[in-house]
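Participant: Before we start, here is the structure in question, set down as structure tokens.
The values are calculated or read from the model by the stated rules, or taken from the named source; none is laboratory data. What you are looking at is a predicted structure, and each value in this text was computed from that prediction instead of being measured. Cβ sites come from the backbone with ideal geometry, for glycine too, and all protein chains shown count toward neighbours. We work out accessible area using only protein heavy atoms, side chains counted, and drop any ligands, DNA or RNA first. Shrake-Rupley method; radii C 1.70, N 1.55, O 1.52, S 1.80 Å.
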Amino acid sequence: MSDSSTETDTRRPWALAVFLIVTGALGWWAAFSLTLDKFAILADPEADLSCNVNPLVQCGANLTAWQGSVFGFPNPLIGLGGFVAPIAVGVALLAGARFATWFWIAFNVGLAGALAFVGWLIGQSLFVLGTLCPWCMLVWSVTIPLFWVVTIRNAREGVFGMRLTGAGRALTPWIVPITVACYVVIALMAQIQLDVLGALT
């Protein structure tokens, strides 16, 4: 193997690529499962969905409410298309692809939009519908770290300008704590609003 090949392999972002593939695949699977459940409800409004555990933990209410079809079609279809992006980017990175700055910015904007939409859906689920949809929570769980990992990576690599590279490097070790903090905030909101622990005991 030549020195140039070795250098390329060393610089290849294996961890980021695998992370994108795994989180994208989990998000896609959750969207696919929700799509199947939506089909089941359309075929039989009284269908017993596997995700309906009890009145609190269920996806039926989310799928049948207007919040489940914000743009006139079922939200899971957005996930089926959207989660292909991180999978494709991850596979391309494993193959040695290098993307232009504009691509990383566009990818980041897409993830920011996804995070904003997920944040709105979380609020609707907790404060309006009063439910915890298992597949929806999986989507939340992967969208949050996807946004932070890519955003901080882009800052570190100078995608947003060289002035933010220092902030990106400083925040890199904090990606996991930041993600966990987001999970904790959601869990606390769910407990305060829905008394999750009391409902499950």
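Participant: Could you please let me know if residue 101 is on the phi < 0 side of the Ramachandran plot and without any contact (Cβ under 8 Å) to a residue 24 or more places away in the chain?
Facilitator: no
Participant: Within region 148-170, is even one residue touching a Cys at 6+ places or on another chain (Cβ under 9 Å), in a helix (DSSP H, G or I), modelled with pLDDT of 95 or more and under 20 Å from residue 33 (Cα atoms)?
Facilitator: Taking every residue of region 148-170 in turn, none turns out to be touching a Cys at 6+ places or on another chain (Cβ under 9 Å), in a helix (DSSP H, G or I), modelled with pLDDT of 95 or more and under 20 Å from residue 33 (Cα atoms).
Participant: While we're looking at this one, here's another question. Restricting to region 189-201, what's the tally of residues that are surrounded by 11 or more Cβ atoms within 10 Å (Cβ to Cβ), free of Cβ contacts under 8 Å to residues at least 60 places away in the same chain and part of a helix (DSSP H, G or I)?
Facilitator: Residues in region 189-201 being surrounded by 11 or more Cβ atoms within 10 Å (Cβ to Cβ), free of Cβ contacts under 8 Å to residues at least 60 places away in the same chain and part of a helix (DSSP H, G or I): 1 in total.
Participant: On to the next question. Could you tell me whether region 86-96 includes any residue that is of a type outside the set (Phe, Trp, Tyr), farther than 25 Å from residue 36 by Cβ and loosely packed, with under 14 Cβ neighbours inside 10 Å?
Facilitator: yes
Participant: Got a sec? Which of 140, 148, 174, 135 is among the aromatic types (Phe, Trp, Tyr) and without any contact (Cβ under 8 Å) to a residue 24 or more places away in the chain?
Facilitator: 174
Participant: Can you pull out the residues in region 160-173 that are within 19 Å of residue 147 (Cα to Cα), of a type in the set (A, V, I, L, M, F, W, C) and surrounded by fewer than 13 Cβ atoms within 10 Å (Cβ to Cβ)?
Facilitator: Scanning region 160-173 gives a single hit, 170.
Participant: Criterion first (under 24 Å from residue 192 (Cβ atoms), aliphatic (A, V, I, L, M), out of contact with any Pro (no Cβ under 7 Å at 6 or more places or on another chain) and assigned to a helix (DSSP H, G or I)) does residue 126 satisfy it?
Facilitator: So residue 126 fits the description; yes.
Participant: Next question, about the same structure. Please identify the pairs in which a residue from region 155-169 that is on the phi > 0 side of the Ramachandran plot has its Cβ atom under 7 Å from the Cβ atom of a residue that is at pLDDT 95 or above and in a helix (DSSP H, G or I), counting only partners at least 6 apart or on another chain.
Facilitator: That search, which allows pairs on different chains as well, returns 158/165.
Participant: Here is a further query. If I filter region 129-142 down to residues being in a helix (DSSP H, G or I) and of a type in the set (A, V, I, L, M), which single residue comes out as farthest from residue 59 (Cα to Cα)?
Facilitator: So the residue we want is 142.
Participant: Take the conditions β-branched (Val, Ile, Thr), in contact (Cβ under 8 Å) with a residue 24 or more places away in the chain and open to solvent by 40 Å² or more (accessible area, probe 1.4 Å) and apply them to residue 128. Does it pass?
Facilitator: yes
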